[in-house]
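Just so it is clear, none of the values below were taken in a lab; they were calculated from the coordinates. From a predicted model like this one, the values you see are computed outputs, not experimental measurements. Please note: Cβ atoms are built from the backbone with ideal geometry, for glycine as well, and neighbour counts cover all protein chains shown.
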Amino acid sequence: MRSPRHERGQATVELVLVLPVVVALALAVVQVGVVVRDRLLVSHVGREAARAAAVEPTAEAATAAARQATSLASDRLAVIVGGGSIAPGDRLMVTVRYQAPTTVPLVGLLVPDVMMEATVTVRVE
């Protein structure tokens, strides 16, 4: 069955109208995936920094362990070691902050960078 002459190209026009929306949604899904991956990495970095701080309770040791444990951009990564005087058996809180970039084309221009934070408390050995 042939379509009438005036309906020719209708599918092409519909595709042209819908395709930008589908591409934008696909890019948004990719960006969400990247942000979720970064969130998991920030949690991992927090645990690694806390382990290092439990053995050697200094900000330098925690920061070095955090930067060594991940492929996240180190210039966007901040490690904060909390607690006053630290003795064996005391609790020590380590906070890791990371500003995750939104770099996926089109979506990155519309969505600002995402600030992430993970806090881990450990007992000093």
Mind listing the long-range amide H neighbours of residue 114? Cut-off is under 5 Å, sequence gap 5 or more, other chains count too, H placed in the peptide plane at 1.01 Å from N. 100, 102
Mind checking the angle between helix 10-55 and the chain's longest principal axis? C-alpha axes, 0 to 90 degrees, to the nearest 10. 10
Give the angle, between 0 and 90 degrees and rounded to the nearest 10, that separates the Cα long axis of helix 59-68 from the longest principal axis of the Cα atoms of the chain. 40
Can you give the log10 of the normalised intensity I(q)/I(0) at q = 0.25, 0.27, 0.29, 0.31 Å⁻¹, computed with Debye over equal Cα scatterers of segment 81-125? -0.83, -0.90, -0.96, -1.01
Restricting to Cα atoms and excluding each atom paired with itself, what does the Kirkwood estimate give for the chain in Å? 17.4
The FRET efficiency for residue 99 and residue 15, from their Cβ-Cβ distance with R0 = 22 Å and rounded to 0.05, is 0.05
Please get the size of the charge dipole for the chain, origin at its Cα centre, with Cβ charges of +1 on Lys and Arg and -1 on Asp and Glu, quoted in debye to the nearest 20. 500
When the C-alpha atoms of segment 13-56 are aligned to their principal axes, what extent does each axis show, in angstrom, from largest down? 65, 8, 6
